[in-house]
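Before any comments, here is the structure.
The values are calculated or read from the model by the stated rules, or taken from the named source; none is laboratory data. Values in this document were obtained by computation on a predicted structure and should not be read as measured data. Cβ placement follows ideal geometry from the backbone for every residue including glycine, while neighbour counts extend to all protein chains displayed.
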Amino acid sequence: MIESPYADLPINQWEKRTLELIKDHPLDTNEIYDIVNSVWLDIFKSGIGNKPFRIGQDLFPRPQIMAYFLHELIPLELTNRYPKIWRREENTDEKDLVYIPNDLYSIEIKTSSSARKIFGNRSYTQETIKDKKSKFGYYLAINFEKFAGFGHIPSINMVRFGWLDHLDWIGQNAQTGQQARLEPTVEKYKLLKLPLK
């Protein structure tokens, strides 16, 4: 496992380090932001079945389904734009979005219908084991609205990009708890809101 880029840094220097990591990434943040929003809008333009049924008009999927669409369509969009450079995950030890030239820049996608928070499962609090994807690296966090009734098309609330380490994730205290969360300082300084100012 590589050393955290935030090792020995005080919290007041995290944002600067995150900006450096984002600048070093091969994807432009404006393009990331545009892709997320265009893919989201495409979901509502697509028809399902031979009728066709439309999401937001005939179908109102639960947040888990909308999250699934984002997880699938963002990698497909980048694969289409940059074949042989970006691709979707194919194995359990890969991130959701794989940067073929250098896996360090691969991206894990996290989505949530929470207004601001993102979550992982409890395994994110543990060090990576063999044949499983690493818990450290670049993350794309997307918060979106739930459906709130007929005639309301939900929107993307927030798009963030940055770097997380597995130690940033906090598991639920309950033995049966399967969720992991991030501390507010981590979400604020290690996942920066796009577009960058």
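Note on segment 105-126: among residues that are part of a loop (DSSP other than H, G, I, E, B) and among the aliphatic types (A, V, I, L, M), the one that is modelled with the highest pLDDT is I118.
Between I2, I55, I32, I22, the distinction of being more than 19 Å from E108 (Cα to Cα) and either among the aliphatic types (A, V, I, L, M) or in contact (Cβ under 8 Å) with a residue 60 or more places away in the chain (or both) belongs to I55 only. Scanning segment 48-94 for residues that are charged (D, E, K, R) and exposed (fewer than 12 other Cβ atoms within 10 Å of the Cβ) returns K51, R62, R81, K84, E90.
For the structure I just gave you, tell me whether K23 is over 20 Å from the mean Cα position of the chain (by Cα) and in a helix (DSSP H, G or I). Spelling it out, it is not the case that K23 is over 20 Å from the mean Cα position of the chain (by Cα) and in a helix (DSSP H, G or I).
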